Amino acid sequence: MKKYIYLVVLSAGFGLVSCDRDEYLDITPLGKIIPTTVADYRLMLDQVDPQGTEANGFFTCIDNDTYLSDEIKITDDETRVSPTRYSETAINNYLWKDNSVLFPDSSDGDWSTMYNQIFTSNIVINGLINASGDESEKAQLDAEARVHRAFAYLLLVNLYAQHYDPTTAASDLGVPLRADERLDGSLERGTVQEIYDFILNDLSESVIDALPDVSEKKIRPSKASAYAILARTHLYMGNFEGALEAANLSLELNDQVMDLTTLPPTPFAFLFPDLVDFPPYHENVELLLAKGRNSVAFLAQELSDDFVALFDVANDIRYKGVFAIDFVPPSGIIVAYDGQLEQGLRLIGPTVPEMMLTKAECLARSGVINEAIDLVNQLRTYRLTNVVALPYPATAAEALNVVKDERSREFILKGHRWFDVKRYNAYDNANISITHSHSGETVTLSPGDNRWARPINRRLNEMNPELELNPQ
């Protein structure tokens, strides 16, 4: 029988109100459990699924990036797909509009979900000090909470702020930084540099040392997953030496890759004969930490033409085993189902392939061309039937482009592309613009546009005037 720790007003939108909260504080609620032991805090950190309005667990993460990048397209051709396929919110995200202006009563699920996890992490970190139980267990739980918190802040700062720039990070607005579990207090935004410093502190050597090398449960952070998040953090900061070091440390602990070419057909083969059946996430050997999208895997999303062109559609399981002709009328479009229809999830947490490609990118950037391409080719043997090895490019720049293309294929719709485009524009002068069109409206997002930082919901600002909004 499962047991859960329920927390009062945990999802009251942490950060929604910064005043007049006294009546909610210091109250012991009837019928609720107040965590006092190591076992209590273990239950809190092991919560995966949402429990009403009290807590959303540590699995579900973000979704807003899905429609922002150049991975997908939304067609308004009613002979191909019903215009009711996509919600107004999705279409507005696709056109980089501020939903809190168009729908004043709307909320932002990504913001509230990630701050919910931060709030829960803070309760664990601060409560463990006086909890009864084994000290080594307390140290491990504290470390797990810090890894969850670091991952949440990494997603938040990259969604709601401009990309990390070492010359401006000390003054660029980040997100509110909270290390306590209070519901009152200022929601003034920390700087991007402060947020990254906080993340790096949560992923410090002493924290990671308290974790097991690999975890018995995919939802629990481990040394391998903590190093993976640290590698991603350094990659986003443009610290490629640090990213390479952390990726290597993660791969030393877990370098298993799932062979997609050996996966069986999906149970829905009568609808999708080419789709493959992915194992449950807790059996996924290459998954380092279980994190998933707020939406489910079968949310219909059509790849853009540019991204379809990246794939060997006849042999790459990441395409032919995941994308299929939609069965919902009028249809005929190819949409993503992730081969995980029965699971209803889309994993976006750190993986072994991410560490391989992070290592390959760092090597390519430093001119170690052959080793970088060897890593790409190694991964492709687990992804393509009739695989042919990619040749060694003549230059480091060409090798880097090979790695970038492989990232696009490997991480399709898995929460990387929006952040990758931001960092390519910041560090490589990639000059990538994205153009989206829908219902006669065409919008282009160019490098330097304010809208690379997602709008913060205006309702939050109305209740917390110190929470400065992003210019749009």
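The values are calculated or read from the model by the stated rules, or taken from the named source; none is laboratory data. Quick caveat: nothing in here was measured; it's all calculated off a predicted structure. Because the Cβ atoms are built from the backbone with ideal geometry, glycine has one as well, and the counts that use them run over all protein chains shown. Heads up: the accessible areas ignore ligands, DNA and RNA and are worked out on the full protein's heavy atoms, side chains in. Shrake-Rupley method; radii C 1.70, N 1.55, O 1.52, S 1.80 Å.
What to note about this one:
- Among the conditions (1) closer than 25 Å to Asp108 by Cβ; (2) in contact with a Ser or Thr (Cβ under 7 Å, 6 or more places away or on another chain); (3) surrounded by fewer than 22 Cβ atoms within 10 Å (Cβ to Cβ), the only one that Leu154 does not satisfy is (3).
- Condition met for Leu289 (part of a loop (DSSP other than H, G, I, E, B) and open to solvent by less than 20 Å² (accessible area, probe 1.4 Å)): yes
- Test: residue in segment 270-286 that is part of a helix (DSSP H, G or I) and surrounded by 17 or more Cβ atoms within 10 Å (Cβ to Cβ): yes
- Within segment 205-239, tally of residues that are under 20 Å from the mean Cα position of the chain (by Cα), part of a helix (DSSP H, G or I) and not small (Gly, Ala, Ser): 10
- Those residues of segment 157-167 which are in contact with a helix residue (DSSP H, G or I) (Cβ under 9 Å, 6 or more places away or on another chain), open to solvent by 10 Å² or more (accessible area, probe 1.4 Å) and not acidic (Asp, Glu), in sequence order: Gln162, His163, Tyr164, Pro166
- Among residues of segment 189-204, those that are part of a helix (DSSP H, G or I) and over 18 Å from Val124 (Cα atoms), counted: 7
- Matching helices (runs of 4 or more DSSP H) fully within segment 91-188 where at least 3 residues are basic (Lys, Arg): 135-160
- The sole residue among Met258, Met356 that is part of a loop (DSSP other than H, G, I, E, B), open to solvent by less than 50 Å² (accessible area, probe 1.4 Å) and modelled with pLDDT of 95 or more is Met258.
- Restricting segment 114-125 to residues that are surrounded by fewer than 23 Cβ atoms within 10 Å (Cβ to Cβ) and β-branched (Val, Ile, Thr), the residue that is nearest to Arg220 (Cα to Cα): Ile125
- A count restricted to segment 139-151 and to residues that are open to solvent by less than 20 Å² (accessible area, probe 1.4 Å) and either over 23 Å from Thr351 (Cβ atoms) or at pLDDT below 95 (or both) stands at 1.
- Looking only at segment 387-407, and only at residues there that are part of a helix (DSSP H, G or I) and open to solvent by 40 Å² or more (accessible area, probe 1.4 Å), the one that is farthest from Ile369 (Cα to Cα): Asp405
- Selection count where residues are open to solvent by less than 10 Å² (accessible area, probe 1.4 Å), assigned to a strand (DSSP E or B) and modelled with pLDDT of 95 or more, scope segment 309-352: 1
- Yes/no for Ala453 being surrounded by 19 or more Cβ atoms within 10 Å (Cβ to Cβ), small (Gly, Ala, Ser) and under 22 Å from Ser112 (Cβ atoms): yes
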